[in-house]
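First up is the structure itself, then whatever we jot down about it.
The values are calculated or read from the model by the stated rules, or taken from the named source; none is laboratory data. Since the structure is predicted, the reported quantities are computational estimates derived from the model, not experimental observations. Neighbour counts are summed over all protein chains in view; Cβ atoms, including those assigned to glycine, are modelled from backbone coordinates with ideal geometry. Calculation scope for accessible area: heavy atoms of the full protein, side chains included, ligands and nucleic acids excluded. Shrake-Rupley method; radii C 1.70, N 1.55, O 1.52, S 1.80 Å.
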Amino acid sequence: MKIKSLFSTALLTVGIALGSCSKQVDRPIQITPMPNSLVASKGAFEINQSTVIIAKTADELKVANYLVSKLATPMGFELTVQTETPTANFICFTIDKNASDNSEGYKLNVASDKVSIVAPTAKGLFYGVQSALQLLPPAVESATLVPGTSWTMHNVFIQDAPRFAYRGMHIDVCRHFMPVETLKRQLDMMAMLKLNTFHWHLTEDQGWRIEIKAFPKLTEIGSQRVEGDGTTYGGFYTQQEVKEIVKYAADRMIEVIPEIELPGHALAALTAYPEYSCTGGPFKVRNIWGVEPDVYCAGKEATFDFINKIIDEVAPLFPSKYFHIGGDECPKVRWEKCPLCQRRMRNEGLKNEHELQSYFVQRVQKMLTKHGKNMIGWDEILEGGLAPSAIVMSWRGEKGGIEAANQGHDVIMTPGAWCYLDHYQGDSQVEPVAIGGYATLEKTYSYNPVPQELDASKAKHILGTQGNVWTEYMYTPAILEYRVYPRIIALAEIGWTETEKKNYTDFETRLNNLYPRMDAHEINYHIPMPEGPCEHLAFIDTTSVAFSTTMPMNMVFTTDGTAPTATSRTYTGPLHITETTTIKIASVLPTGKMSPIRTVLVEKQPFSPASKVKTTQEGLNEKIALGHFNKVADLDQVQTWKEVKTTNSYDLNKPSASILTGYIDIPEAGIYEFNTDVDQLFLDGTLLVNNDGEVKRFSRHRAQKALAAGKHKVKILFLNNIVGGWPAAWNGVKISMKRAGDKDFTTIKATQFSH
Ligand code: ACM
Ligand code: ZN
């Protein structure tokens with residue numbers, strides 16, 4: 001039979017016979033990840049109360065029961081599962097080991113009178129079901145009854161199997177804890193996307209999140225941290241909850257791989273049990289991002305006993321044959337100074353601390369082997385030598401993955417530039433604060449896990465790919481989902497669909513079938529925002545304001561101060577502005593769902609006049625008050641300010657507030673745009689940039705001002721505090737500016753300021 005692929009954008013209109021009347025099904029076929037072979041034909045199958053499911057073996061029954069319970073809520077009836085095959089109106093599940101040479105493959109045949117799903121395993125059947133569900137109306141994902149829906153599916157013949165065996169999503173529940181319900185929601189989505197691995201990052205410098213009965217302080221102490229604002233943050237999973245998640249995942253054909261980080265990223269554990277560090281502590285669970293220098297002591301036997309007992313408890317909770325030990329970003333500063341670590345190196349003949357790390361990791365690998373587990377680690381585990389059976393997760397680009405594959409290790413490719421879902425997916429001015437980086441949906445979609453440089457004979461070592469969800473800047477489940485979706489969908493397609501079947505434009509169109517399904521699961525997915533101008537523009541006579549989006553999107557806007565709705569004026573091109581105007585603008589999906597609204601003030605201004613003041617000294621004048629200040633309003637409590645010589649050096653362990661004043665020299669009249677992460681910037685007596693109370697990174701509040709040539713009064717409020725894990729001391733006081741219309745900002749030099 002000739003199999004031809006059909007891009008799902010082709011709209012199929014099919015009629016089906018329903019008694020005497022004929023129904024039209026005008027939904028396009030949109031399955032994601034794109035099946036590797038799909039042939040559509042005329043006609044459709046309708047599921048109704050008389051439809052039966054045929055399943056004979058235990059594995060067939062398992063998937064049949066999944067489908068029955070999945071359909072029961074939206075449809076309001078439970079399909080009967082039976083072994084006898086009627087003449088028509090049935091869905092037949094068959095496990096046949098000859099159905100595909102890939103254990104996850106399946107064949108789905110939808111005909112007007114019956115549906116058949118044949119696969120070599122229950123997993124393959126399950127993926128056949130997922131494709132079938134995407135043929136049904138999106139209402140099939142509803143958590144409530146959807147009356148009046150005709151549950152029809154286009155007639156198709158799909159023969160499908162994944163490109164890669166490993167298709168994962170990683171979630172860091174340590175920087176921010178994610179409730180069990182949030183994880184279950186992600187597992188539901190993963191099942192829909194045929195992702196098969198959940199990599200659960202359970203321990204970190206910033207929190208230990210899994211109950212260990214032998215070491216109760218790991219969660220009593222290690223799961224809690226005192227944030228920069230003095231509040232306590234924490235959470236952990238009991239072993240019962242871990243089992244619940246593992247079972248929930250297994251029911252969706254998802255394997256859960258735990259990650260217990262070592263020898264670095266271990267400060268939460270060491271805060272609870274400082275005796276396993278080199279210095280003995282005491283420590284505090286880290287409340288700022290970045291990497292902690294205190295790590296497990298590699299010189300003490302007790303450290304290995306401790307880790308061994310933890311593994312003895314964790315390993316049996318997870319049926320997966322894999323176990324992730326982290327291994328990334330382990331500073332060696334403590335080992336260099338620790339007599340026990342140095343003695344270990346001498347005794348074991350280890351040349352340097354990298355070899356000591358390798359020694360550490362290989363000892364842990366032996367502990368895992370005892371439990372029948374294969375070790376996975378981040379690509380640093382290659383440094384200093386590694387046992388061949390270890391699997392390398394390449395994150396620092398593709399280099400580690402290539403090197404590992406060349407050495408004969410299996411590899412999971414998760415290079416940051418494409419697979420780190422904590423990166424920005426739009427302009428940092430309009431997106432919630434992120435860790436940095438920039439990967440639009442299109443960029444992520446462009447990734448190929450088999451690097452070009454890799455010799456074809458080594459490609460078999462690439463097990464697959466994974467989206468990594470680091471949660472430093474994912475303060476809530478909603479922000480996590482905002483960053484993850486839809487980029488994880490792109491990664492799911494990369495993991496499943498053969499390269500020649502991938503097509504980004506088609507993928508974008510197919511998302512239209514997933515948006516309402518994500519809505520049904522209450523997933524807070526990203527909708528590209530109107531980008532372009534900063535939130536406060538200035539102009540003299542007239543100006544033109546242009547918006548764009550990272551994906552083709554409809555944008556709607558108002559200029560009367562009201563919030564736009566899906567039916568507001570459509571943006572068709574740059575807006576010509578002659579008077580001070582507030583633009584409120586949002587993007588809209590075909591479903592009518594809107595992005596958050598952006599507000600842009602476009603202000604007609606005279607040039608702000610220069611001051612005639614005579615200044616005598618370079619730089620700004622600074623006065624400082626010691627103490628914890630979370631917000632600008634807290635400065636009201638300051639009794640005395642102390643004048644200091646400005647050094648722009650702040651100690652994050654000595655919280656303080658500074659007021660810097662003086663003048664900036666503007667060489668030429670013009671419209672200037674300012675960008676800064678300080679708390680507040682005033683220019684000529686008006687508040688221009690206000691980051692008060694926000695995470696002071698990648699400020700979302702750039703602003704323009706029309707300035708005459710000459711000196712202009714500057715006031716800066718800078719709180720040396722920690723907000724959302726980011727210490728302002730890491731910024732210092734830095735103001736950047738550019739002429740409106742220029743591309744790049746330049747940092748204002750001390751010589752441009754005076755007082
Ligand atoms: C990592 O991102 N440190 C694995
Ligand atoms: Zn040591």
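Each residue in segment 579-597 was checked for being open to solvent by 20 Å² or more (accessible area, probe 1.4 Å) and touching a residue at least 24 places away in the same chain (Cβ under 8 Å), and 10 pass. Scanning segment 371-405 for residues that are within 16 Å of ligand 1 (Cβ to nearest atom) and of a type in the set (K, R) yields R396, K399. Checking G281, G264, G290 one by one, the residue that is within 16 Å of ligand 2 (Cβ to nearest atom), without any contact (Cβ under 8 Å) to a residue 24 or more places away in the chain and of a type outside the set (A, V, I, L, M) is G281 and no other. Quick one: in segment 360-375, of everything that is within 12 Å of A390 (Cα to Cα) and of a type in the set (K, R), which residue is most open to solvent (accessible area, probe 1.4 Å)? Step by step, filter segment 360-375, then rank; the result is K366. Screening F236 with (1) open to solvent by less than 10 Å² (accessible area, probe 1.4 Å); (2) closer than 27 Å to P727 by Cα gives one miss only, at (1).
Which of the residues that make up segment 461-487 are part of a loop (DSSP other than H, G, I, E, B) and within 16 Å of ligand 1 (Cβ to nearest atom)? Passing the criteria: W470, T471, E472, Y473, M474. Does P606 satisfy the condition of being in contact with a strand residue (DSSP E or B) (Cβ under 8 Å, 6 or more places away or on another chain), open to solvent by 40 Å² or more (accessible area, probe 1.4 Å) and closer than 30 Å to M551 by Cβ? So P606 fails the test.
Quick grid of which residues meet (1) open to solvent by less than 10 Å² (accessible area, probe 1.4 Å); (2) within 24 Å of the chain's Cα centre (by Cα):
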{"position": "S389", "(1), (2)": "no, no"}
{"position": "G397", "(1), (2)": "no, yes"}
{"position": "N406", "(1), (2)": "no, no"}
{"position": "H409", "(1), (2)": "yes, no"}
{"position": "T414", "(1), (2)": "yes, yes"}
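None of V291, V285 is within 25 Å of V364 (Cα to Cα), assigned to a loop (DSSP other than H, G, I, E, B) and open to solvent by 40 Å² or more (accessible area, probe 1.4 Å) except V291.
To keep it simple, each residue is scored yes or no on (1) touching a strand residue (DSSP E or B) at 6+ places or on another chain (Cβ under 6 Å); (2) free of Cβ contacts under 8 Å to residues at least 60 places away in the same chain; (3) within 30 Å of C419 (Cβ to Cβ).
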residue	(1), (2), (3)
G495	yes, no, yes
N513	no, no, yes
P516	no, no, yes
A538	yes, no, no
V545	yes, yes, no
N554	yes, yes, yes
T559	yes, yes, no
P574	yes, yes, no
I577	yes, yes, no
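Is at least one residue of segment 177-196 open to solvent by less than 50 Å² (accessible area, probe 1.4 Å), in contact with a His (Cβ under 7 Å, 6 or more places away or on another chain) and farther than 29 Å from F283 by Cα? The answer is yes; a qualifying residue exists. Selection of segment 142-159 for residues being open to solvent by less than 10 Å² (accessible area, probe 1.4 Å) and closer than 23 Å to N196 by Cα yields only I158. Within segment 666-686, the only residue that satisfies the criterion of being closer than 16 Å to K743 by Cα and either among the aliphatic types (A, V, I, L, M) or free of Cβ contacts under 8 Å to residues at least 60 places away in the same chain (or both) is I671.
Annotation: of all residues in segment 197-222 being assigned to a loop (DSSP other than H, G, I, E, B) and open to solvent by 10 Å² or more (accessible area, probe 1.4 Å), the one that is farthest from K309 (Cα to Cα) is I221. Check whether at least one residue in segment 144-154 is within 15 Å of P74 (Cβ to Cβ), assigned to a loop (DSSP other than H, G, I, E, B) and in contact with a Lys or Arg (Cβ under 9 Å, 6 or more places away or on another chain), and report yes or no. Yes, segment 144-154 contains a residue that is within 15 Å of P74 (Cβ to Cβ), assigned to a loop (DSSP other than H, G, I, E, B) and in contact with a Lys or Arg (Cβ under 9 Å, 6 or more places away or on another chain). For segment 72-98, the candidate set comprises residues that are assigned to a strand (DSSP E or B) and touching a helix residue (DSSP H, G or I) at 6+ places or on another chain (Cβ under 6 Å); within that set, the residue that is farthest from V146 (Cα to Cα) is I95.
Is it the case, given these coordinates, that Y296 is buried (at least 23 other Cβ atoms within 10 Å of the Cβ) and of a type outside the set (V, I, T)? In short, yes. When residues in segment 310-349 are screened for being buried (at least 18 other Cβ atoms within 10 Å of the Cβ), closer than 23 Å to I260 by Cβ and within 16 Å of ligand 2 (Cβ to nearest atom), 7 of them pass.
Given the condition away from ligand 1 (no atom under 16 Å from the Cβ), more than 26 Å from the chain's Cα centre (by Cα), in a loop (DSSP other than H, G, I, E, B) and hydrophobic (A, V, I, L, M, F, W, C), answer yes or no: does some residue in segment 424-432 qualify? The answer is no; no qualifying residue exists.
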